[in-house]
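Before any comments, here is the structure.
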4 protein chains.
Amino acid sequence: MGQAGPVGAGGGPRHTVNVAGHEVGRDFVLVAGPCAVESEEQTVGVARRVKAAGAHMLRGGAYKPRTSPHDFQGLGEEGLRILGVARAETGLPIVTEVMDARHIETVLRVADVLQVGSRNMQNFTLLRELGRVDRPVLLKRGMSATVSEWLSAAEYILTGGNEDVILCERGIRTFETCTRNTLDLSVVPVVKEQSPLPVIVDPSHGTGRASIVRPMCLAAVAAGADGLLIEVHPAPSAASSDRDQQLTPDEFTALAPVVLRLVTHLLNGGVQP
Amino acid sequence: MGQAGPVGAGGGPRHTVNVAGHEVGRDFVLVAGPCAVESEEQTVGVARRVKAAGAHMLRGGAYKPRTSPHDFQGLGEEGLRILGVARAETGLPIVTEVMDARHIETVLRVADVLQVGSRNMQNFTLLRELGRVDRPVLLKRGMSATVSEWLSAAEYILTGGNEDVILCERGIRTFETCTRNTLDLSVVPVVKEQSPLPVIVDPSHGTGRASIVRPMCLAAVAAGADGLLIEVHPAPSAASSDRDQQLTPDEFTALAPVVLRLVTHLLNGGVQP
Amino acid sequence: MGQAGPVGAGGGPRHTVNVAGHEVGRDFVLVAGPCAVESEEQTVGVARRVKAAGAHMLRGGAYKPRTSPHDFQGLGEEGLRILGVARAETGLPIVTEVMDARHIETVLRVADVLQVGSRNMQNFTLLRELGRVDRPVLLKRGMSATVSEWLSAAEYILTGGNEDVILCERGIRTFETCTRNTLDLSVVPVVKEQSPLPVIVDPSHGTGRASIVRPMCLAAVAAGADGLLIEVHPAPSAASSDRDQQLTPDEFTALAPVVLRLVTHLLNGGVQP
Amino acid sequence: MGQAGPVGAGGGPRHTVNVAGHEVGRDFVLVAGPCAVESEEQTVGVARRVKAAGAHMLRGGAYKPRTSPHDFQGLGEEGLRILGVARAETGLPIVTEVMDARHIETVLRVADVLQVGSRNMQNFTLLRELGRVDRPVLLKRGMSATVSEWLSAAEYILTGGNEDVILCERGIRTFETCTRNTLDLSVVPVVKEQSPLPVIVDPSHGTGRASIVRPMCLAAVAAGADGLLIEVHPAPSAASSDRDQQLTPDEFTALAPVVLRLVTHLLNGGVQP
């Protein structure tokens, strides 16, 4: 971690989070991968494709928080093993979810970034434990959390001594039904006014609709996001979860350079033609 | 627990949850007590008052989930000790929150009913553990959970083998700001159409406004609620949390008989004058 | 209109609205009838049944605000003629919607109470015109209006010189999908703290679910509502609008006395057994 | 109007709306001006500044829908006269709100585009009348309208014979309070999948927070918006309405070229560095 110059609409000095040499908050970050780890072939295959397309980190869920106990719950430790293989094969750092304080030690064996999911944003005992860990935490906004509550949740980790928190907007719950959630991009500049922490955006969960992930990625970048979290699956319609929102590797490969050029355009002050 | 005849708007046979001889789901239940356990004097004093007024159980938080790490976090194990004293003094069964799977054993030493708070409704590892416990669970609705998600959360406990789940509506998050939450009483009859579980209502959190707790208690009863969870504090304005929504012991003493007579009126089919 | 003693949770003296001798705000009022006027047979038939069951007023839409221009838009002036026949036959005062300032004069020929629908709560030119009319106005809450905005909308009518406004809660828009809207009964006591105007409740639109209209009627009464607006149709499944939420005349006939006895129970201080 | 090639994420051929030679839906459009017309000096002054900075149209309210009847209600016909002067001075086409069917003729004397405000999105009698008018209509999304309801509201105008409808996203009502509304940029690509109509974005009302208008303008453009509606006032803190969200002319002058260069960058496929 370190202190970098302001990016986007921000005010004071910004905190950056070092993940395998990548300074999140200063260097734009593209995190991609499947919603859930389903098999070694699926995960390593996707990892290779997103790496080739320009992704900086691999995401994938081994422990999956699912609404119903009858849904696929993730591969657990076997999923972590597969993520480890994917890292060894591609060199991509791993972002994966931890759902319970008792799993932290196990997840730490493979994760470069520990993700706290939306449903656990106010799991305060989990947050406290993560405050004692020497590894970056990606804290998703709760699906009905205000910015103030989100920053207070981050505060649980920060006051525990772990300053490496990356915030992630992933859509909030509203009356609208044409999208799974309402992606609230205005929080990107608002958070930057109120906090030095990096903030990235997940348009996959934020919209639940693969066909609009591309424009919403660009919109997130233009709003000042420090990175994107994008779900990519070799065959979205056969995925074990979140079928409607995952991109194919080909779609991601087409999208990534457009995103990265927009980042460059904006970093140059948006003044080039 | 047992199977009882339908109460309220329901369909099939209803499940009842036995708490110290009280069959929740058949016998209307009045749970009262302070938001947080603050001292032995405070808790035992309130326990005596609510018992005298007709309450069937004592509620009080030893572990408090708080938005900010800088807020009062509850007395923890000392709080549990105090609740134990209150039970010994009054005979009231204890309803208290468990925030983490690792605390279950400790909380079980004093709790007759384990409460899962709104923020933990989708803490699936906690729910799974409670499925293995031989003690009733009071499952609060998440602040932005649909009925379907709420019943799925209950399913995590039920499929684990613990059938004694009491659901508790506590208000949902909307755009309205004149109340802390929007108390959604329509879920009472909706849940009864879809589940045999008892459902009670917490108008204290559900409104955040002591002045309207009384009419909302009556409304909840009329909607078919199997019970009420009401916050009562000896001096609400000095409370360490939730000052605006707690009743005084005097207010509760005035309210309880009105509630209980309404229950009787409705149980008699509402046909008496 | 007149000043009456407090009803429910209120504070200062309450304003009552005289409708054909019925003092709304003092005397509980039961308004019933079809969502839309479809034919003379349908409307007069329902009017006779709800009158026999104890209703005090007949509701029915001649001008219907519909989401799509391709939906049934109401019978317009022919609908008003039919409502006039129903009044002549039963003596029930008529509550019907006015959607536009230019229709006020026409609607006044038959309406005893002019309804402003949810979608028009902030149609300020319509509200202003109604401020100049010598006829009570029933002002529905906008589907996403705060209490403060709702009372400000009423203020447009009051400051125009028409003091006879009856407020009507009809559910707000939330993320929940098991009901059409979320019926917000807590506004009943909140409005009574902030305004002397009578407030009634529409559980038909408020839930969109006929099977729970009964418990929600009782809940509204217990919350202190000054009356109910209930949709009743001779054959709900064949209705030209809002099929899922209308009661049959038989269901209304069973419900009305239960509601009225609850009113009596509560008026007596809820102290009778 | 005319048919143009697809812009952004859309599907079929897109409809364009001709406003004084500018083809909205094909040519990106920048609409700017004060929330309310307050004086000739204010309005003409702002008009000159936004014209010089690159705006294509002037917005300004003569008739103002205000929550309370005690708030400033707009200058009415005098406001329209001032807008006429501003047009004569700058050549900018005028976008201004019509609140009532009876005002249409008067507003038509000066307006090049008739705006329907959020509160009137479902004022169906107004929409019907606008279907018979030979002038483009800018239809703002209701503050709690779904995309489906919004497109149905547009359908009222289209089926009346007026095909020149421009949709405008302006934020929806959610639980979040750090912004006035939640700007829902995901509707931009969603609307383009479902309708050939142009869609522009109003980040001033959409956020209510001047400090984040700039990033949200860029985000709207990146999401594929066909234009922006931006409030600009010579002295926002002294404005008669919406003080917190209006930009100064200097801020707009700095913003406009950045927006237009982003449009160019994206039109070129986002492939230039």
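The values are calculated or read from the model by the stated rules, or taken from the named source; none is laboratory data. Keep in mind the model is a prediction, meaning the values are calculated, not measured. Every residue, glycine as well, gets a Cβ built from its backbone with ideal geometry; the counts of neighbours run over all protein chains shown. All accessible areas refer to the heavy atoms of the entire protein, side chains included, with ligands and DNA or RNA removed. Shrake-Rupley method; radii C 1.70, N 1.55, O 1.52, S 1.80 Å.
Given (1) surrounded by fewer than 21 Cβ atoms within 10 Å (Cβ to Cβ); (2) without any contact (Cβ under 8 Å) to a residue 40 or more places away in the chain; (3) within 14 Å of another protein chain (Cβ to nearest Cβ), where does A:Val98 come up short, assuming only one miss?
Single failed check for A:Val98: (1).
The rows are residues; the columns are (1) under 14 Å from the mean Cα position of the chain (by Cα); (2) under 23 Å from B:Met121 (Cα atoms); (3) of a type in the set (Asp, Glu).
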| position | (1), (2), (3) |
| --- | --- |
| A:Met99 | no, yes, no |
| A:Leu114 | yes, yes, no |
| A:Val133 | no, no, no |
| A:Ile172 | no, yes, no |
| A:Phe175 | no, yes, no |
| A:Ile200 | yes, no, no |
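Output the residue which, of all residues in region A:212-243 that are β-branched (Val, Ile, Thr) and away from every other protein chain (no Cβ under 14 Å), is farthest from A:Arg26 (Cα to Cα).
Quick first cut of region A:212-243, residues β-branched (Val, Ile, Thr) only: A:212-213, A:221, A:230, A:232.
The next check asks that each one be away from every other protein chain (no Cβ under 14 Å); those that pass are A:230, A:232.
Values: A:Ile230: 19, A:Val232: 24 Å.
Only one residue fits best here, namely A:Val232.
Sort out for me the strands (runs of 3 or more DSSP E) sitting completely within region D:1-62 that have 3 or more residues that are at pLDDT 95 or above.
Working: elements: D:2-4, D:14-19, D:22-24, D:29-33, D:57-59.
In region D:1-62, D:14-19, D:22-24, D:29-33, D:57-59 are the strands (runs of 3 or more DSSP E) which contain 3 or more residues that are at pLDDT 95 or above.
In region C:54-77, which residue that is in contact (Cβ under 8 Å) with a residue 40 or more places away in the chain and over 17 Å from the mean Cα position of the chain (by Cα) is nearest to C:Ile200 (Cα to Cα)?
Across region C:54-77, the extreme among qualifying residues is C:Arg66.
Would you mind telling me which numbered condition in (1) assigned to a helix (DSSP H, G or I); (2) open to solvent by 20 Å² or more (accessible area, probe 1.4 Å); (3) of a type in the set (A, V, I, L, M) B:Leu75 fails?
(1)
Would you say B:Asn123 is closer than 18 Å to A:Ser144 by Cβ, without any contact (Cβ under 8 Å) to a residue 12 or more places away in the chain, touching a helix residue (DSSP H, G or I) at 6+ places or on another chain (Cβ under 7 Å) and crowded, with 19+ Cβ neighbours inside 10 Å? Steps first, please.
Working: closer than 18 Å to A:Ser144 by Cβ: yes; without any contact (Cβ under 8 Å) to a residue 12 or more places away in the chain: yes; touching a helix residue (DSSP H, G or I) at 6+ places or on another chain (Cβ under 7 Å): yes; crowded, with 19+ Cβ neighbours inside 10 Å: yes.
In short, yes.
Is region A:151-171 home to any residue that is under 26 Å from D:Glu169 (Cα atoms), within 13 Å of chain B (Cβ to nearest Cβ) and not hydroxyl-bearing (Ser, Thr, Tyr)?
Going through region A:151-171, the residues under 26 Å from D:Glu169 (Cα atoms) turn out to be A:168-171.
So of that shortlist, the ones also within 13 Å of chain B (Cβ to nearest Cβ) come out as A:171.
Next, from what is left, pick out any that are not hydroxyl-bearing (Ser, Thr, Tyr): A:171.
Checked against the condition, which is being under 26 Å from D:Glu169 (Cα atoms), within 13 Å of chain B (Cβ to nearest Cβ) and not hydroxyl-bearing (Ser, Thr, Tyr), region A:151-171 yields at least one hit.
Can you pull out the residues in region A:77-106 that are within 17 Å of A:Gly45 (Cα to Cα) and small (Gly, Ala, Ser)?
The answer is A:Gly79, A:Gly84, A:Ala86, A:Ala88, A:Gly91.
Given the structure, is B:Leu266 open to solvent by 10 Å² or more (accessible area, probe 1.4 Å), touching a residue at least 40 places away in the same chain (Cβ under 8 Å) and more than 20 Å from C:Lys192 (Cα to Cα)? Write out each step before concluding.
Working: open to solvent by 10 Å² or more (accessible area, probe 1.4 Å): yes; touching a residue at least 40 places away in the same chain (Cβ under 8 Å): yes; more than 20 Å from C:Lys192 (Cα to Cα): yes.
Yes: the conditions hold for B:Leu266.
Looking at this structure, is B:His22 open to solvent by 30 Å² or more (accessible area, probe 1.4 Å) and under 15 Å from the mean Cα position of the chain (by Cα)? I'd like the intermediate steps shown before the answer.
Numbers: open to solvent by 30 Å² or more (accessible area, probe 1.4 Å): yes; under 15 Å from the mean Cα position of the chain (by Cα): yes.
Judged against the criteria, B:His22 is a match.
Under 9 Å between Cβ atoms, which residue pairs at least 6 apart in sequence (or on different chains) link something in region C:153-173 that is at positive phi with a partner that is in a helix (DSSP H, G or I) and open to solvent by less than 10 Å² (accessible area, probe 1.4 Å)?
C:Gly171/C:Pro203; C:Gly171/C:Gly206; C:Gly171/C:Thr207
Out of (1) assigned to a loop (DSSP other than H, G, I, E, B); (2) closer than 22 Å to C:Asp242 by Cα, what's the single condition that is false for C:Glu231?
With respect to (1) assigned to a loop (DSSP other than H, G, I, E, B); (2) closer than 22 Å to C:Asp242 by Cα, C:Glu231 is out only on (1).
Give region A:191-210 a look and list any residue that's closer than 18 Å to D:Glu169 by Cβ and facing chain D (nearest Cβ under 7 Å), or say none.
Scanning region A:191-210 gives a single hit, A:Thr207.
Taking B:Pro196 as meeting all but one of (1) in a helix (DSSP H, G or I); (2) open to solvent by 10 Å² or more (accessible area, probe 1.4 Å), write down the number of the exception.
Of everything listed in (1) in a helix (DSSP H, G or I); (2) open to solvent by 10 Å² or more (accessible area, probe 1.4 Å), B:Pro196 misses just condition (1).
All but one of (1) buried (at least 24 other Cβ atoms within 10 Å of the Cβ); (2) over 18 Å from B:Ala53 (Cβ atoms) hold for B:Asp244; which doesn't?
B:Asp244 satisfies all of (1) buried (at least 24 other Cβ atoms within 10 Å of the Cβ); (2) over 18 Å from B:Ala53 (Cβ atoms) except (1).
So for region D:200-221 (the condition being at pLDDT below 95, of a type in the set (D, E, K, R), part of a loop (DSSP other than H, G, I, E, B) and open to solvent by 10 Å² or more (accessible area, probe 1.4 Å)), does at least one residue qualify?
We begin by selecting, within region D:200-221, every residue at pLDDT below 95; these are none.
No, that holds for no residue.
Looking at region B:109-117, is at least one residue surrounded by fewer than 22 Cβ atoms within 10 Å (Cβ to Cβ), within 18 Å of B:Val17 (Cα to Cα), small (Gly, Ala, Ser) and modelled with pLDDT of 95 or more?
Scanning region B:109-117 turns up no residue that is surrounded by fewer than 22 Cβ atoms within 10 Å (Cβ to Cβ), within 18 Å of B:Val17 (Cα to Cα), small (Gly, Ala, Ser) and modelled with pLDDT of 95 or more.
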